[in-house]
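For reference, the structure is listed below as structure tokens.
The values are calculated or read from the model by the stated rules, or taken from the named source; none is laboratory data. Keep in mind that what you see is a predicted model, and the values were worked out from it rather than measured. Note that we place each Cβ from the backbone using ideal geometry, even for glycine, and neighbour counts take in every protein chain shown.
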Amino acid sequence: MEDLAVLLKQRGIRSTRLRLKVLQILVASKNAFSTTEMNTSLGGSEDRSTIYRILSGFYAEGIIERIVGVDGGLRYVYLPQSLSIQPSFRCSKCGSVSCLSPLPSSYLEEIQRHHLDNAVLVFSGTCSDCLRKRV
């Protein structure tokens, strides 16, 4: 947890018990969480508005990524590499999120001629683990 506190400090975010716990859950999981799901993971006793502010702050500082779920709701996920130009895959069965192969350089060169405010390249379906388990 000490490494997570350092990460927050590097981004100018004060470490609190709840911020560290939220980040610890995100880092330890391959799943993307809505604010409600994060609250459930925390035992259901925290204020959902506070959780939303924590997740939004982490996203604003580039610590986590925000994706739009198949239901249209926002979900937050920690990935070692940024999703800003890299496609990802979200399993609709287990909720895991994984990075896909990077986009071809010709595509990225073309994109870089423009100013992007946001890039969301999320594919959804059933992951190979769930297919194997027939979930």
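Computed values, structure above
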{"quantity": "Residue check, VAL6 in a helix (DSSP H, G or I) and surrounded by 13 or more Cβ atoms within 10 Å (Cβ to Cβ)", "calculated": "no"}
{"quantity": "Qualifying residue in region 47-66 (condition: more than 16 Å from the chain's Cα centre (by Cα) and among the polar types (S, T, N, Q))", "calculated": "yes"}
{"quantity": "Failed condition for SER98, given (1) at pLDDT 90 or above; (2) surrounded by fewer than 19 Cβ atoms within 10 Å (Cβ to Cβ)", "calculated": "(1)"}
{"quantity": "Tally, over region 23-38, of residues that are crowded, with 18+ Cβ neighbours inside 10 Å and either hydroxyl-bearing (Ser, Thr, Tyr) or closer than 17 Å to GLY95 by Cα (or both)", "calculated": "7"}
{"quantity": "Filter result (farther than 19 Å from ILE25 by Cα and either modelled with pLDDT under 80 or in contact with a Leu (Cβ under 8 Å, 6 or more places away or on another chain) (or both)) within region 70-82", "calculated": "VAL70, ASP71, GLY72"}
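Yes/no per residue for (1) closer than 22 Å to LEU121 by Cα; (2) surrounded by 15 or more Cβ atoms within 10 Å (Cβ to Cβ); (3) in the same structural domain as SER124 (by TED's automatic domain parsing); (4) in contact (Cβ under 8 Å) with a residue 60 or more places away in the chain:
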site: THR16; (1), (2), (3), (4): no, no, no, no
site: LEU20; (1), (2), (3), (4): no, yes, no, no
site: THR50; (1), (2), (3), (4): no, yes, no, no
site: GLY57; (1), (2), (3), (4): yes, yes, no, no
site: SER105; (1), (2), (3), (4): yes, no, yes, no
